[in-house]
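Trainee: Before we start, here is the structure in question, set down as structure tokens.
Computed from the coordinates by the stated procedures, all read-outs in this text should not be read as laboratory data. Remember, predicted model here, so these are calculated numbers, not experimental data. In this analysis, Cβ positions are derived from the backbone assuming ideal geometry, glycine residues included, and neighbour counts consider all displayed protein chains.
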Amino acid sequence: MKITNTIRISLAGLKANKLRSALTILGIVIGITSIILVVSIGNGAQGLILGEIQSMGSRTLTVEPGKPSGGLSDSMMTFFQQSLKENDLESLKKKANVPHLQSIIPIVFTSDNINFGNEVLSATILGSSEKIFDFYKIIPAEGSLFTEDDVKGKTDNCVIGSKIKEKLFGNIDPVGQKIRVKNKTLRIVGVLPEKGGGFSFNYNSAIMAPYTTIKDYVLSQKYYNEFIVEVDQDKYIDQTVQDIQITLRNNHNITDPEKDDFNVQTQKDLMKTVGTVTTVMTLFLALVAAISLLVGGVGIMNVMFISVTERTKEIGLRKALGATNSDILNQFLFEAIYLTLAGGLLGILFGSLFSYVASIGLSQALSSNWAFSFPISAALMGIGVSAFIGVVFGIYPAYSASKKNPIEALRYE
Amino acid sequence: MSNIIEVKNLHKSYIVDEKEIPVLNGIDFAIPEGQFIAIMGPSGSGKSTLLYSLGLLDRPTSGHYFLNGKETSKLDDKKLAKVRNEEIGFIFQSFNLLRRTSIYDNVRVPLVYSNVPESKHKEMVIKALESVGLDAKLYKKQPSQLSGGEQQRVAIARAIINNPTIILADEPTGNLDSKSGAMVMKVLQDLNKKGHTIILVTHETSTSEHADRIIHLLDGVIDSDKKVANRRYVEKEKYIK
């Protein structure tokens, strides 16, 4: 029999049971929709994060305490490591040690309550040098920023993020006001501009002050949480990484690099790590979504069996009138494939629609440019997978239909 | 006239619960082309099994079946399907029309499994409907919109659309009132006149008398094989609109 006839007969079979066909493909629709949605949002998130990392400049290195490793528990541990000390900062600043270091920003941070009058608010408290403003390209929305002199003089001048201003001060002008962090009183000299959301440091809910002040008076700690290093030229990135490692190993008396209690990350490393993490997360979520495809496939198999049983007489009749076993097999197999393909196409449609809506929603919620990208690879995979499911779950019912004895089939009531 | 069908020592048994149940126990007969045969017999005598064996829907356990001089037991499933499609037309007691499928699509089912180009289907469907006395305009309707007699005539149109040499009818009037039944018998007699060989299974003596030969089966063997002395003819003006 011609393939066009098989296609027509199969479609007619499905049209005769429109509601059942529609309900049957629901599982596939949901499965493909979720996969498209997950992959699209995953791609969007990855693009956004990588974009932000790139915007920080490729010449940026970060030095963190803790041994270099990709594990989550290790990165959690860096918060508790105290390996980056004052003498490390001084050594790194020396041209003899790290000749291509253009600037270094020491960072200390914590999360704590801040008080203004009777108001209490939880915030990120970040201590750094004034160079951080250049680094993040920050221009104050109100007032001014703290300066090199503030850092040197360990003054109590600080700047606050837009959300802190909104929540703690409302309509009051915060510039000149005093807030308490732990036992230290800080004076607000400026308000930071509202930062579009994202995944790098979001200072909307932070207060920033000289690291000297925060480290010595607020946290009373003798170590740093991070150094941000800027290399003078791209070509010296690798050399600078090595120079930093040698300097810190000297300071820490480490001979075996395996035992490093710090790690130096380039933007390339970071992008690679972020890329891997987001890809793995996306794949994992897509895999979870794919389970519904499996469930949908079993649903289709079930309905195909019901359909074959219901149409036993039709099978007998078609055989009596000249249909071969393979004609019958193809008829039912095509029905299953149409069902799953239709489900797949609808899933791609809904998935794209939802991810487009989600990209608009996320753009607004994060005040950032969350790019919608139609995941072509996921869509193609969706079509392929749904057709494959049609074949896998349709072949057995179709085979059982083709093997029916025509006489018994004709007598079936 | 040459024999279109020749059956020699045909046996058929079924295995039910590991037990062999014999149904046909050595059937011998020959049917010349253009004959109208009625197969009769009580329930369980094997008449339907014989009909389906002649229709190549079932293979005999042993014996020989020559169709147009060709031994059929050596044909594979695909070839059997081709023979059913091109040389045999089936008519069933319960019409077996596809529900929720137009008359047009019902009648052309055999064409779908043949090599007839689709451009010729409509013309052939209309011709088949007209040759069984139905209005060609019915082709857009659904089976449920037709009377039982009309439905059976649609089924006959389907059986003859490929112009088969043999028409096998299994109790074609069994589900019809006498008037519709007579109409169907008239159509079958007309087709017989046009040269189709017709083999009809029935347990109604009055129906069997429309044939020109009656084979009577009993317990899987031929009990009698007689020519009909006073063959009945359905008068056209009496039933056909």
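Trainee: Please check: in the Gaussian network model of chain A (C-alpha springs, under 10 Å), which one of A:Asp88, A:Asp238, A:Asp156 has the largest mean-square fluctuation.
Mentor: Maximum among the listed residues: A:Asp238.
Trainee: Additional query: In the range B:133-241, which GluC sites (Glu not before Pro) are in a loop and have at most 15 other Cβ atoms within 10 Å, using DSSP for the loop call?
Mentor: Numbers: sites: B:Glu150, B:Glu204, B:Glu209, B:Glu235, B:Glu237; in loops: B:Glu204, B:Glu209, B:Glu235.
For GluC sites (Glu not before Pro) across the range B:133-241 that sit outside H, G, I, E and B with at most 15 neighbouring Cβ atoms in 10 Å, the list reads B:Glu204, B:Glu235.
Trainee: Now, a different point. Need the list of lysines near A:Lys93 for cross-linking: C-alpha distance under 24 angstrom, and skip anything on the same chain fewer than eight residues off.
Mentor: A:Lys67, A:Lys85, A:Lys131, A:Lys137, A:Lys152, A:Lys154, A:Lys215, A:Lys222, A:Lys235, A:Lys259, A:Lys268
Trainee: Ranking A:Glu413, A:Glu90 by Cβ neighbours within 10 Å, fewest first, what do you get?
Mentor: Ordered from fewest to most neighbouring Cβ atoms within 10 Å, A:Glu413, A:Glu90 come out as A:Glu413, A:Glu90.
Trainee: Most fluctuating residue of A:Ser205, A:Ser326, A:Ser40 in a GNM of chain A with Cα springs under 10 Å: which is it?
Mentor: Result: A:Ser326 has the largest fluctuation of those listed.
Trainee: Another question, then. Tell me the net charge near B:Val109. Cut-off is 10 Å between Cβ atoms, B:Val109 excluded, with +1 for each Lys or Arg and -1 for each Asp or Glu. Walk me through the numbers before you get to the answer.
Mentor: On the way: positive: A:Arg318, B:Arg108, B:Arg158; negative: A:Glu314, B:Asp105.
So the surrounding residues net to +1.
Trainee: Where in chain A are the DSSP H helices whose alpha-carbon span along the long axis reaches 15 Å or more and whose Kyte-Doolittle mean is at least 0.0?
Mentor: Span-like helices in chain A: A:3-15, A:26-55, A:267-310, A:325-365, A:376-402.
Trainee: Per the Kirkwood definition applied to all pairs of different Cα atoms, how many angstroms is the hydrodynamic radius of chain B?
Mentor: Hydrodynamic radius (Kirkwood, Cα only) of chain B equals 18.3 Å.
Trainee: Please state, to two decimals, what the Cα-based radius of gyration of chain A comes to when divided by 2.2 N^0.38 Å (N = residues).
Mentor: My calculation over the Cα atoms of chain A gives 1.46.
Trainee: Another question, if that's okay. At 222 nm, what helix-only mean residue ellipticity would chain B give, in deg cm²/dmol to the nearest 500, using -39500 (n - 2.57) for each DSSP H run of four or more?
Mentor: -8500 deg cm²/dmol
Trainee: What does the helix-only formula give at 222 nm for chain A: each DSSP H stretch with n ≥ 4 adding -39500 (n - 2.57), the total divided by the residues, and the result rounded to the nearest 500 deg cm²/dmol?
Mentor: Result for chain A, helices only: -17500 deg cm²/dmol.
Trainee: Another one. Could you tell me, in Å, what Rg and Dmax come out for the Cα atoms of the range A:295-413?
Mentor: My reading of the Cα-based Rg and Dmax gives 20.3, 70 Å.
Trainee: Less than 12 Å Cβ to Cβ from B:Ala136, Lys/Arg counted +1 and Asp/Glu -1: what total charge do the surrounding residues give?
Mentor: +2
Trainee: Where does the range B:38-102 land on the Kirkwood hydrodynamic radius, alpha-carbon pairs, in angstrom?
Mentor: Averaging 1/r across every pair of different Cα atoms and inverting gives 13.6 Å.
Trainee: Take the alpha-carbon centre of the range B:35-77, take the same for the range B:113-157, and report the distance between them in whole Å.
Mentor: Cα centroid to Cα centroid, the span is 27 Å.
Trainee: Right, here's the next one. Regarding the range A:58-266, what are the three Cα extents along the principal axes, ordered largest first, in Å?
Mentor: The Cα atoms of the range A:58-266 stretch 56, 33, 32 Å along their principal axes.
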